[in-house]
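Right, one structure below, let's go through it.
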Amino acid sequence: MSTFDPEFLWGAATSGYQIEGAVAEDGRGPSIWDTFSATPGATDNGDTGAVAADHYHRYREDVALMAGLGLDAYRFSIAWPRVQPLGSGRVDQRGLDFYRRLTDELLERGIEPWPTLYHWDLPQPLEDAGGWPERDTASRFAEYAAIVHEALADRVTHWTTLNEPWCSAFLGYATGRHAPGRREPAAAVRAAHHLLLGHGLAARVLGGSRVGITLNLTDVRPHSAGEADQDAARRIDGIQNRIFLDPLLRAAYPDDVQKDLADVTDFGHVQDDDLETIAAPLDFLGINYYAPLLVSAATEPVPTAYVGSPQVRVMDGGRPRTGIGWEIDEQGLFALLSGLARDYPALPLYITENGAAFDEPLHDDARIAYLDAHLRSCARAIASGVPLKGYFAWSLLDNFEWAYGYAQRFGIVHVDYATQRRTLKNSARWYAGVIERGAL
Ligand code: IFM
């Protein structure tokens, strides 16, 4: 049996644009995802987050569901365009009031609110001014963070600045698969830096709280022991993991990553003191893990999100896949956690997302198997000394899965989008049992 410490934090996660809907209500301004998802061909089926799971109106019902599952904590994101419809300046109190009501409701039910300040919904006016590739966006983010902190600091202890800056930078500005849909490799690297800078500047204004950031990290494996494949794995580990981890935790971009990117950028956008700002002390690191990456060297350039390394190919590891097509391999989570604890010791870690999309409406045995296997990897990592303090299942609710629209369902709670009826899937009942026992 795998047993977890009574202090282990059990949670579930969502994000604003994926569940809230109500995009034109109470003064909310447009975000890059409103614009992008309205662009023909950008999302599957032309889906948008305009209604999503209507959580903006149904948050009380959703918090009651969480309480029924016995969650200790709920990870959600705050929509910047609700708080500052133009991305700077004027604050709309109605937006802040929504998050005051939500956090009050959570606290009344004994659930700790774990907000993330930025989960990809940049106010459109800031993108019109250049978006994350522009340095000013980092300062605007810190201004917004201070506003939200002031409004919620009496209710919130753990703050996460950014969710998955890799996706914001490289899917948003290099592949164009995510909003704002740009395909400019150099801009993507600048965006990554300004996201990190925004994190560091925001960390300063979140003083007195516990501050973290969530990265989507993965276990990168070479396809063979050959030198070229080993080098491919080093490159991808660099542009996916270390380009964020090292500035945050070592106040430096890795030398090899800078060399790999030499044809893309000279890093002239990095100013004196930026790295010191970015490396502000972190109270915890959030990790979103879904699948490992198996890579090999390619003889021809392959279009990927991996800016600076076109001659790398992502391989099929031959393992079963989830409904969205991602390989299932819980060993990757164990390897990732062990590597983090070795390379960046003594940093409290939380799994802030882990889960699977499957098209099994309520009898979701495959999702239970996925969650069970990954939680066993967590328990193994803890037993080997990894300071893993908590786990958030992705996702509480079926929701708007970005470019995949509503077809991919990650929820442990089923949402009937026609009626907005919520129904617990078997995985939700199973997860509630795990939480109650503190054991698998
Ligand atoms: O739905 C997303 C989430 O917004 C960020 N992490 C990955 C999830 C599944 O793709």
Only one of these conditions is not met by Leu171: (1) in contact (Cβ under 8 Å) with a residue 40 or more places away in the chain; (2) surrounded by fewer than 24 Cβ atoms within 10 Å (Cβ to Cβ); (3) under 23 Å from His55 (Cα atoms). Which number is it? (3)
Select from the range 118-164 the residues that are of a type outside the set (A, V, I, L, M, F, W, C), outside any helix (DSSP H, G or I) and more than 16 Å from the ligand (Cβ to nearest atom) and list them in ascending order. Pro123, Gly130, Gly131, Pro133, Glu134, Arg135, Asp154, Arg155, Thr157, His158
For the range 385-433, give me each residue that is assigned to a loop (DSSP other than H, G, I, E, B) and within 11 Å of the ligand (Cβ to nearest atom). Ser395, Asp398, Asn399, Phe400, Glu401, Gln408, Arg409, Phe410, Gly411
Take the range 240-269 and flag every residue that is in a helix (DSSP H, G or I), farther than 18 Å from Leu197 by Cβ and touching a helix residue (DSSP H, G or I) at 6+ places or on another chain (Cβ under 9 Å). Gln240, Asn241, Asp256, Asp260
If you go through the range 10-29, how many residues are more than 16 Å from the ligand (Cβ to nearest atom) and crowded, with 19+ Cβ neighbours inside 10 Å? 4
Selected residue (only one of Pro281, Pro320, Pro292 is surrounded by 19 or more Cβ atoms within 10 Å (Cβ to Cβ) and under 24 Å from the mean Cα position of the chain (by Cα)): Pro292
Given the criteria among the aliphatic types (A, V, I, L, M), in contact with an Asp or Glu (Cβ under 8 Å, 6 or more places away or on another chain) and within 13 Å of the ligand (Cβ to nearest atom), does Leu440 qualify? no
For the range 188-233, what are the residues that are more than 19 Å from Gly286 (Cα to Cα), assigned to a helix (DSSP H, G or I) and either hydrophobic (A, V, I, L, M, F, W, C) or free of Cβ contacts under 8 Å to residues at least 40 places away in the same chain (or both)? Ala188, Val189, Ala191, Val205, Glu227, Ala228, Gln230, Ala232, Ala233
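Answer yes or no as to whether Asp47 is touching a residue at least 24 places away in the same chain (Cβ under 8 Å), within 16 Å of the ligand (Cβ to nearest atom) and among the acidic types (Asp, Glu).
So Asp47 fits the description; yes.
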What pairs come out if I take residues in the range 1-28 that are closer than 30 Å to Leu440 by Cβ and at pLDDT 95 or above and pair them with residues that are more than 16 Å from the ligand (Cβ to nearest atom) and of a type in the set (Val, Ile, Thr) whose C-beta lies under 6 Å away, six or more apart or interchain? Trp10/Ile435
Can you name the number of the only condition in (1) away from the ligand (no atom under 16 Å from the Cβ); (2) in contact (Cβ under 8 Å) with a residue 24 or more places away in the chain that His178 fails? (1)
What's the total number of residues in the range 392-428 that are touching a Gly at 6+ places or on another chain (Cβ under 7 Å) and farther than 16 Å from Thr322 by Cβ? 4
Any idea how many residues of the range 345-377 are within 14 Å of the ligand (Cβ to nearest atom), of a type in the set (Ser, Thr, Tyr) and out of contact with any strand residue (DSSP E or B) (no Cβ under 9 Å at 6 or more places or on another chain)? 1
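The values are calculated or read from the model by the stated rules, or taken from the named source; none is laboratory data. Being a predicted model, the structure only gives us computed values, none of them experimental. Because the Cβ atoms are built from the backbone with ideal geometry, glycine has one as well, and the counts that use them run over all protein chains shown.
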